[in-house]
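Since the structure comes first, as structure tokens, the remarks are kept for the end.
The values are calculated or read from the model by the stated rules, or taken from the named source; none is laboratory data. The model shown is predicted, which means the values in this text are computed figures rather than measured ones. Glycine also receives a Cβ, built like all others from the backbone with ideal geometry; neighbour counts cover every protein chain displayed. Remember, those area values only see protein heavy atoms, side chains included, never the ligands or the DNA or RNA. Shrake-Rupley method; radii C 1.70, N 1.55, O 1.52, S 1.80 Å.
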Amino acid sequence: MNQPIIAPSILAADFANLQRDVEMINHSDADWFHIDIMDGEFVPNISFGFPVLEAIQKHAQKPLDVHLMIVQPDRYLEQFAKAGAATITVHYEACTHLHRTLTRIRELGCKAGVALNLQTPVTAIEDVLDSIDQVLVMTINPGFGGQKLVPASIQKVRKMRRLLTEHQSPALIEVDGGVDLNTITALAEAGADVFVAGTSVFKADDPAEAIRALKERPFTQQPSPMA
């Protein structure tokens, strides 16, 4: 098992003290910033846009992992790249011409990711694996933080790992939703590499300690029965 990549989700941060929370991540054991962009159409919630992303980028000392939960993401790819995104992840369900979108993301100098909702099978992206740097397996229904992980998503992570192995793809598997100390080991054992954690980090008494604990947990706990 590789060392997990921990990506705290800014969606759960304190927006009245955003720079403070950004600096906390900078000085913590976290690896990336996870930035959820929601448009109120693809998902039933609105988060934030370019001004907030640019403000985060100004102070962030770690890569920005930008997750677009929006319709017609192609319209904004260049702007997200200019705003500092290291990785841009689009939803399979939102892209009419997925290969074209992924190609454009890479042309802009970013890593390309694809997110799959709970009902979308892993085989949906089999024909574009050569254009993908990471796959985001949603472990909840997207749109709101604080949800519990859907247990069936762990088996989906296993299926994704098998698919990537069969195709000798180096793409990382990212998981988003319900990641905490009770679920991270099972997800890691199933094959996940990157763990998005929002509520379990920012609602903790000591967020930096919560990040450290998540980083170490897969090596100190047996998988939970839900695996």
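Do we find a residue being among the basic types (Lys, Arg), part of a helix (DSSP H, G or I), farther than 30 Å from Glu23 by Cβ and modelled with pLDDT of 95 or more anywhere in the range 57-65?
First, the residues of the range 57-65 that are among the basic types (Lys, Arg): 58, 62.
Filter once more, keeping what is part of a helix (DSSP H, G or I): 58.
From what is left, the residues that are farther than 30 Å from Glu23 by Cβ are none.
No, that holds for no residue.
How about the range 83-104: which of its residues are part of a loop (DSSP other than H, G, I, E, B) and open to solvent by less than 30 Å² (accessible area, probe 1.4 Å)? Let's see the steps before the verdict.
Here is the first cut: in the range 83-104, the residues part of a loop (DSSP other than H, G, I, E, B) are 83-86, 95-97.
Across the range 83-104, the qualifying residues are Ala83, Gly84, Ala85, Cys95.
Looking across the range 16-52, the residues that are over 14 Å from Met69 (Cβ atoms), in contact (Cβ under 8 Å) with a residue 24 or more places away in the chain and either of a type in the set (Ser, Thr, Tyr) or in a helix (DSSP H, G or I) (or both) come down to Leu18, Gln19, Asp21, Val22, Glu23, Met24, Ile25, Asn26, Ser28, Phe50, Val52. Among the residues examined, Ala190 does not qualify as hydrophobic (A, V, I, L, M, F, W, C), out of contact with any His (no Cβ under 6 Å at 6 or more places or on another chain) and surrounded by fewer than 20 Cβ atoms within 10 Å (Cβ to Cβ). Of all the listed residues (Gln79, Gln19), the sole one being at pLDDT 95 or above, within 25 Å of Leu98 (Cβ to Cβ) and surrounded by fewer than 16 Cβ atoms within 10 Å (Cβ to Cβ) is Gln79.
Screening the candidates Ala208, Ala188, Ala213, Ala192 for the property of being in contact (Cβ under 8 Å) with a residue 12 or more places away in the chain, of a type in the set (Gly, Ala, Ser) and either in a loop (DSSP other than H, G, I, E, B) or touching a strand residue (DSSP E or B) at 6+ places or on another chain (Cβ under 7 Å) (or both) yields one hit, Ala192.
Return yes or no: is Gln168 open to solvent by 20 Å² or more (accessible area, probe 1.4 Å), more than 17 Å from the chain's Cα centre (by Cα) and within 23 Å of Glu41 (Cα to Cα)? So that I can check it myself, show each step before the final result.
On the way: open to solvent by 20 Å² or more (accessible area, probe 1.4 Å): yes; more than 17 Å from the chain's Cα centre (by Cα): yes; within 23 Å of Glu41 (Cα to Cα): no.
No.
The listed residues are Ile88, Ile125, Ile132, and the only one of them that is free of Cβ contacts under 8 Å to residues at least 40 places away in the same chain, over 23 Å from Ile154 (Cα atoms), in contact with a helix residue (DSSP H, G or I) (Cβ under 9 Å, 6 or more places away or on another chain) and not basic (Lys, Arg) turns out to be Ile88.
Under the condition of being under 12 Å from Gly178 (Cα atoms) and assigned to a loop (DSSP other than H, G, I, E, B), the residues counted in the range 121-156 number 12.
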